[in-house]
Every structure is written in C-alpha cells, then in structure tokens.
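The values are calculated or read from the model by the stated rules, or taken from the named source; none is laboratory data. Worth saying up front: this structure is predicted, and the values here are computed from it rather than measured. When we count neighbours, we look across all protein chains shown, and the Cβ atoms used for this are built from the backbone with ideal geometry, even at glycine.
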Amino acid sequence: MAYLAAAVAVVGALGLLNLLLTLAVIRKLRDHTVRLSAAGNQEGLPAPGTVVSGAQVHDEEGRSIDADWMTRGAKLVVLMSATCSACMEQLPRAAAYVAGFAGAADSVLAVVVGEGGHRDEIVGRLHGLTTLVHGPDAQLMADALGNEGYPTYYVLDEGRVRVATHSVSQLTARTGREAVGAAAAGR
C-alpha cells in the first residue's frame, strides 16, 4: 500500500509540475503576442525613406504605370494575393481606406497577384477606386517593390516610403487617417 501511495504522490507531483510549466508557457506566449502586436510585423518591408521605383507595367485600362508615376505626389500602393485569407479579411477596411484617400483612382495603385482564388472578388471590390494592376504585370510590380508578404500597404511621398505595413489597422494608426464608411465601422 505504501508503494501505491508513493506512486500516486509522484504522478500527482508530475501533473502539478506539468500544469505549472504549461501556465508559464502560456504567460510567455501572451507576452510575446502583445510585443509582436505592438511592434507590428515589419519583416520584409522597406524602411521609411527607402526609394521605391516599381516596374514598367500597365493597369487594366492599358495606362502605363512606371517609376515616373510612382514619384508624382503622394501614393498609396495596396498589394494583395488572390489566395491570401488575410487579404480577404482586410478587404472591406482596405476598400474603405482607399475610398477616403485623396484623388483615390489616380493616387492609389492596387496590385492583385495570382489567378483563381478570390482574385475576381478583390478586383471587383477595388475596381473604380484605384488604378488596378492584375494578371502577369501584377507579379512584376510586386517583385519590383520587393514584396514578401500579403497584404502589404505602402504610403509613398514622391517615390519614398513613408509607411509600409501588412495591416490596415497599422496603416490607419501610422497615417492618422481612419477608413471611412460602413466597412470601417465593422459592418
């Protein structure tokens, strides 16, 4: 009987130790998540002040988009992928933000990379609000901008990066502008 009591005590102690270690790991993960959220995931994004030239491509209406276009005034560049779930989640707020950008159609470049997936939905939502590049030229532009993840948002001033982020929320926080319309209200 003494052996059984000792075995139960050892198993109980191991279970308690496991519980304490699990709680410690959860606490560390929460702290890590808070730190990452506060800093934002800026991995693979150009630093503010970086000159962005883009590539010689054509929008869906055949107009040329090149380095000269990128350096004319303030621009917002939105890069999304047809197969990106985060792009679909952020699409309503991104469209609302784009709609409120000064001179949107002439000042906003939306690049939709890839075929299939949600491409038609993304293109349909951004059509008319932006200068839109999709199809083969979209990948050329994304590569020229050095894009490594989707969605990506750049605010450019005379061809220099002012803000670069993967989140509409961070974009609004860094530019001091909130998305407009019902989509911004979370409806």
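When segment 128-154 is examined, which residues are found to be buried (at least 21 other Cβ atoms within 10 Å of the Cβ) and of a type outside the set (Phe, Trp, Tyr)?
Result: 130, 131, 132, 133, 134, 138, 141, 142, 145, 147, 151, 152.
Working only within segment 108-137, note down all residues that are more than 22 Å from residue 73 (Cα to Cα) and among the hydrophobic types (A, V, I, L, M, F, W, C).
112, 113, 122, 123
Going through segment 94-121 one residue at a time, which ones are among the charged types (D, E, K, R) and either crowded, with 21+ Cβ neighbours inside 10 Å or under 14 Å from residue 152 (Cβ atoms) (or both)?
Result: no residue meets the conditions.
Just need a number here: residues in segment 146-159 that are out of contact with any His (no Cβ under 9 Å at 6 or more places or on another chain) and under 15 Å from residue 108 (Cα atoms).
Selection size over segment 146-159: 6.
Between a first residue in segment 160-187 that is under 15 Å from residue 88 (Cα atoms) and among the polar types (S, T, N, Q) and a second residue that is part of a loop (DSSP other than H, G, I, E, B) and at pLDDT 80 or above, which pairs have beta carbons less than 9 Å apart while being 6 or more apart in sequence or on different chains?
From segment 160-187, the pairs are 167/151.
Suppose we keep only residues that are crowded, with 20+ Cβ neighbours inside 10 Å and farther than 15 Å from residue 125 by Cα within segment 66-83. Which one would you say is modelled with the lowest pLDDT? Spell out the reasoning first.
Quick first cut of segment 66-83, residues crowded, with 20+ Cβ neighbours inside 10 Å only: 70, 75-82.
If we keep only those that are farther than 15 Å from residue 125 by Cα as well, we get 70, 75-77.
On the way: 70: 84, 75: 88, 76: 90, 77: 91.
So, considering only residues that are crowded, with 20+ Cβ neighbours inside 10 Å and farther than 15 Å from residue 125 by Cα, the one modelled with the lowest pLDDT is 70.
Residue by residue, here is whether (1) more than 19 Å from residue 74 (Cα to Cα); (2) modelled with pLDDT of 85 or more holds:
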{"site": "16", "(1), (2)": "yes, yes"}
{"site": "21", "(1), (2)": "yes, yes"}
{"site": "27", "(1), (2)": "yes, yes"}
{"site": "34", "(1), (2)": "yes, no"}
{"site": "38", "(1), (2)": "yes, no"}
{"site": "44", "(1), (2)": "yes, no"}
{"site": "50", "(1), (2)": "no, yes"}
{"site": "54", "(1), (2)": "no, no"}
